[in-house]
Amino acid sequence: MDSQTQSKRTAPRAATSRSVGARPEGVRLSVGFILARRFTLCAFANFVDVLRLAADDGDRSRPILCNWTVLTDTMDLVTSSCGITVQPRERLGDPARFDYIVVVGGLMDELPGLSATYTQYLHQAAAAGVPLVGVCSGAFMLHQAGLMDGYRCCVSWFHHAEFLSQFEGLNPVSDQIFVVDGDRLTCSGGASSAHLAAYLVDRHVGRAQASKSLHIMIIDEALQPEKPQPGISMDFKTRDPIVLRALLLMQQNIDTPMSVAEISRRMGHSKRQLERHFRLALETSPQAAFLSIRLSLAHHLIETSEKSIAQIALDCGFCDSSHLSRMFRRRYGCTPVVVRQQRENAAA
């Protein structure tokens with residue numbers, strides 16, 4: 001990939017780089033939303049509120065600098081995962097009147113496919129050069145529609161395993177809060193929706209408006225895409241973004257441990273640089289941290305699950321139960337069998 005092509009794949013096009021449909025004078029950012037059945041209300045509300053607060057002076061909510069609308073093919077109410085309904089405002093129409101089309105997804109267990117009408121509309125938008133945004137599982141829905149092939153895709157660390165098992169053809173990224181890959185933008189939902197919306201406001205309206213929106217929403221500052229996602233609870237506490245991203249990669253690969261060299265390569269850093277960050281932030285090495293994460297999970301599974309110790313060993317990236325037992329004894333002063341017996345005795 002040459003440098004010119006690469007530059008096109010690292011930022012969405014500005015609104016002035018293509019012909020957009022008619023819009024009210026003064027509007028700098030126009031967004032159309034498509035809501036999936038059982039969509040995540042929090043992800044949608046965070047995104048919209050950033051636009052709303054950036055669009056006007058104070059908190060008056062007039063769509064002056066930004067406008068937004070919920071699009072539909074039927075005008076039926078759309079029910080969120082928490083049961084609250086939203087009434088779409090417009091039928092699909094011409095996608096070129098928007099700077100972005102945002103698909104807000106919902107529950108993974110009930111992930112619906114987009115209707116043929118929505119799929120056709122999104123393909124029309126892509127052909128017109130309108131960037132597509134997938135929020136929460138909306139990124140999965142864009143993939144189902146054939147619109148994410150070859151693109152990196154932000155996936156929640158919580159759904160990383162489901163993504164790998166259900167979707168092929170994409171490179172899932174679960175150690176960033178959102179991903180901008182050319183004219184595809186994705187985030188995992190929740191608070192990251194606000195940060196992705198603020199990124200767009202900053203780009204099209206201004207940094208002051210983006211900061212104002214987040215401050216009113218009691219979010220301290222805008223986070224860049226590379227900011228790590230918060231992950232599951234770990235013994236390690238640090239604010240070093242490089243260390244946090246590495247720890248998340250370790251969590252996501254517990255059953256097939258990656259070498260420090262591979263983690264460094266995946267993150268775009270040198271092995272020496274990663275080791276230096278771990279030493280300064282945690283006073284340990286990446287290798288020791290990875291082993292600690294695996295042993296902590298093994299201890300948790302031995303105490304709380306009915307899995308055999310042999311299966312736990314494999315799930316936590318150890319060669320066999322003997323290997324786990326040796327490492328476990330060094331860390332906890334006893335074997336997994338003893339911990340399991342103590343649990344059973346306490347329950348008797």
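Looking across 231, 169, 182, one residue alone is small (Gly, Ala, Ser) and modelled with pLDDT of 80 or more. It is 182. Being hydroxyl-bearing (Ser, Thr, Tyr) and touching a residue at least 40 places away in the same chain (Cβ under 8 Å) holds for only one residue in 85, 74, 79, 69, and it is 79. Checked against the criterion of being touching a residue at least 40 places away in the same chain (Cβ under 8 Å), surrounded by 13 or more Cβ atoms within 10 Å (Cβ to Cβ) and of a type in the set (Gly, Ala, Ser), the candidates 292, 264, 285 yield just one match: 292. Against the definition (modelled with pLDDT under 95, assigned by TED's automatic domain parsing to the domain that holds residue 133 and either assigned to a helix (DSSP H, G or I) or within 17 Å of residue 196 (Cβ to Cβ) (or both)), how does residue 59 come out, yes or no? Criteria not met by residue 59.
Number of residues in segment 302-312 that are crowded, with 17+ Cβ neighbours inside 10 Å and under 29 Å from the mean Cα position of the chain (by Cα): the value is 1.
For the condition at pLDDT below 95, in the same structural domain as residue 144 (by TED's automatic domain parsing) and crowded, with 22+ Cβ neighbours inside 10 Å, what is the one hit in 113, 93, 106, 83? Step through it out loud before you land on a result.
Working: 113 fails: crowded, with 22+ Cβ neighbours inside 10 Å; 93 fails: crowded, with 22+ Cβ neighbours inside 10 Å; 83 fails: crowded, with 22+ Cβ neighbours inside 10 Å.
Exactly one residue qualifies, and that residue is 106.
Tally the residues that are under 21 Å from the mean Cα position of the chain (by Cα) and over 23 Å from residue 46 (Cα atoms), restricting the search to segment 110-140. Of the residues in that region, 1 qualify.
In the set 54, 45, 36, only one residue is within 26 Å of residue 216 (Cα to Cα) and in contact with a strand residue (DSSP E or B) (Cβ under 7 Å, 6 or more places away or on another chain); that residue is 54. Checking every residue in segment 142-152 against the condition of being of a type outside the set (D, E, K, R), touching a helix residue (DSSP H, G or I) at 6+ places or on another chain (Cβ under 9 Å), on the phi > 0 side of the Ramachandran plot and at pLDDT 90 or above gives at least one match.
The values are calculated or read from the model by the stated rules, or taken from the named source; none is laboratory data. A quick note: this is a predicted structure, and the numbers were derived from the prediction, not measured. Ideal geometry is used to build each Cβ from the backbone, glycine not excepted, and the neighbour counts take in all protein chains shown.
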